[in-house]
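Peer 1: Below is the structure I would like to discuss, written out as structure tokens.
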Amino acid sequence: MHIPDSFIPMGQAIIYWVIALPFIFLSLKWARKELDDMKVPILAALAAGIFAIQALNIPIGMGTSGHMVGAALVAIIFGSPMAGVLVLTLVLLVQGFVFGDGGITTMGANIVNMGVISGFVGYYTFAALKNKAGIKAAAFVGAWLGLFVSAIACAIEMYVAGTFPLEAGLVAMGLYHLIIGFVGEGLITAIVITAIEKARPDLLDSSVTSATGVEA
């Protein structure tokens, strides 16, 4: 999922940066408005946890690998996909500049895929399902779908860049992230959200707890 520098031509990489920058700006605006002394440590802990789980990469061929993302989890906890964009941007900055995981020129594409697409798809899928399906099922489906759609987007970007064929890319990225989403992203997100709901519902955004009858 971390696209290296050599996988996207510079002209296309700039386009992804242009798309990513407004979301980064809006996520910083969200942070200034929403984060307080209690939420900042939670955000930092989630960023550290996501950094750790993304280190577990599964090679899937053609120079690519699969892993969990975590943007949906952050977005659900804070009640905004902008939280997912912010955390994934911070994580990707550290991974790219300090550890060389993912490219610098292609970081815009990585932020779009893992922060924007995964966070927005995951959060709004959760929001659409939570009242009917319940918080656990909604969190599972949202996180799984967010990961899967972002993987498909990445495969399409690689095809447009001329890095590998569309069909092979969709099979490699889609199939493996479909599985990772079920056994990893979706399951872990559902477990974490359910555990927080039961033990510390005050840590969840009110838009989440209101769907379950729990007072934050």
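Peer 1: Can you tell me which residues in the range 96-112 are over 15 Å from Val18 (Cβ atoms) and either open to solvent by less than 50 Å² (accessible area, probe 1.4 Å) or out of contact with any Gly (no Cβ under 6 Å at 6 or more places or on another chain) (or both)? So that I can check it myself, show each step before the final result.
Peer 2: First pass over the range 96-112, keeping only residues over 15 Å from Val18 (Cβ atoms): 96-104.
Gly96, Phe97, Val98, Phe99, Gly100, Asp101, Gly102, Gly103, listed by residue number.
Peer 1: Restricting the range 194-212 to residues that are modelled with pLDDT under 80 and open to solvent by 70 Å² or more (accessible area, probe 1.4 Å), which is nearest to Ala138 (Cα to Cα)?
Peer 2: Step by step, filter the range 194-212, then rank; the result is Ser210.
Peer 1: Is there any pair with a first residue in the range 95-110 that is within 12 Å of Gln12 (Cα to Cα) and a second that is of a type in the set (A, V, I, L, M, F, W, C) and part of a loop (DSSP other than H, G, I, E, B) whose Cβ atoms are under 8 Å apart and which are 6 or more apart or on different chains, and what are they?
Peer 2: Close Cβ pairs satisfying both conditions: Thr105/Ile8; Thr106/Ile3; Thr106/Ile8; Ala109/Ile3; Ala109/Ile8.
Peer 1: Show me the helices (runs of 4 or more DSSP H) found entirely inside the range 81-194 where at least 2 residues are within 17 Å of Pro4 (Cα to Cα). If you could, list the steps in order and put the result at the bottom.
Peer 2: Numbers: elements: 81-98, 107-110, 118-133, 135-160, 166-169, 175-180.
Passing ranges, in order: 81-98, 107-110, 135-160.
Peer 1: Looking only at the range 1-34, how many residues end up being within 24 Å of Gly146 (Cα to Cα) and assigned to a loop (DSSP other than H, G, I, E, B)?
Peer 2: Looking only at that region, the number is 5.
Peer 1: Got a number for residues in the range 123-180 being surrounded by fewer than 18 Cβ atoms within 10 Å (Cβ to Cβ), within 18 Å of Asp205 (Cα to Cα) and not hydrophobic (A, V, I, L, M, F, W, C)?
Peer 2: 4
Peer 1: Only one of (1) part of a helix (DSSP H, G or I); (2) modelled with pLDDT under 90 is not met by Met68, so which one is it?
Peer 2: (1)
The values are calculated or read from the model by the stated rules, or taken from the named source; none is laboratory data. Computed from a prediction, not measured in an experiment: that's the story for all the values here. With ideal geometry, Cβ positions are generated from the backbone for all residues, glycine too; neighbour counts draw on all protein chains shown. For the accessible areas, the whole protein counts, side chains as well, though only heavy atoms, and no ligand, DNA or RNA atoms are used. Shrake-Rupley method; radii C 1.70, N 1.55, O 1.52, S 1.80 Å.
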